[in-house]
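Peer 1: Below is a structure I'd like to ask you about.
The numbers here are math on the coordinates, done by the rules we state, and not lab data. Computed from a predicted structure; not experimentally measured. A quick note on method: Cβ atoms are made from the backbone with ideal geometry, for glycine too, and the neighbour counts reach across all protein chains shown.
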Amino acid sequence: MLVSSSISFPKELQSRTCKCGFMARYFTVTTLEKGGRRFYRCRHLGSNSCGYWNWIDNKLPHHVSTMIHNQKVELDSIRKERNHLKKIDMTADEMYELNDMNENEIYDLRKVSALKGKMSNLELTNKIESSNIRVDNSCLHKYHIGYIP
């Protein structure tokens, strides 16, 4: 047996079509004076708008509007603080990553420096040996002993 169900919305929340022929957008006011009131308006802005505007709710008592407005302000503040903390957390993670990278780079630089030192020593040793061979060869040549070119 098939059972079908549908969700029905109260009549005041059913979609509306504006004068443009498009679905109007649904909003809830969060200002101090009209906080909590819901309305539909044309989805287009400025000169493209057909001007459609339809309140869903009657005006709310002032204390209710004030409470809704204050909750909205508090929620915005909490979201702002959360986003700030996310940035700080991300910055801390980036700092740890940079620190790790710097430690690795320092280690690599030390290795490069050590290798340069070894190369320099090898070049110096090679020059000395080359110089000694020339000296030895010149000495050998001077004394007419086996000359190695």
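Peer 1: Amide H of Arg37 versus every other amide H placed in the peptide plane: which residues, excluding those fewer than 5 positions away on the same chain, fall under 5 Å?
Peer 2: Hits under the 5 Å cutoff: Val29.
Peer 1: Okay, moving on. Bin width 10 Å, alpha-carbon pairs only: give the P(r) of segment 11-123 as whole percents, running from 0 to the bin holding the largest distance.
Peer 2: Cα pair-distance distribution for segment 11-123, in percent: 12, 19, 18, 13, 10, 9, 8, 7, 4, 0.
Peer 1: Moving on. Which far-off residues, 5 or more places away or on another chain, put their amide H under 5 Å from the one on His44, with H placed in the peptide plane?
Peer 2: Cys50
Peer 1: Around Tyr40, with a cut-off of 9 angstrom between Cβ atoms, what is the net charge of the other residues, counting Lys and Arg +1 and Asp and Glu -1?
Peer 2: Details: positive: Arg16, Arg25, Arg38, Arg41; negative: none.
So the surrounding residues net to +4.
Peer 1: For segment 22-36, what does the Karplus curve 6.51 cos²θ - 1.76 cosθ + 1.60, with θ = phi - 60°, yield as ³J(HN,Hα) per residue in whole Hz, taken in order and with x for Gly and Pro?
Peer 2: Calculated HN-Hα couplings, in order: 9, 5, 6, 8, 9, 9, 10, 6, 10, 6, 4, 6, 10, x, x Hz.
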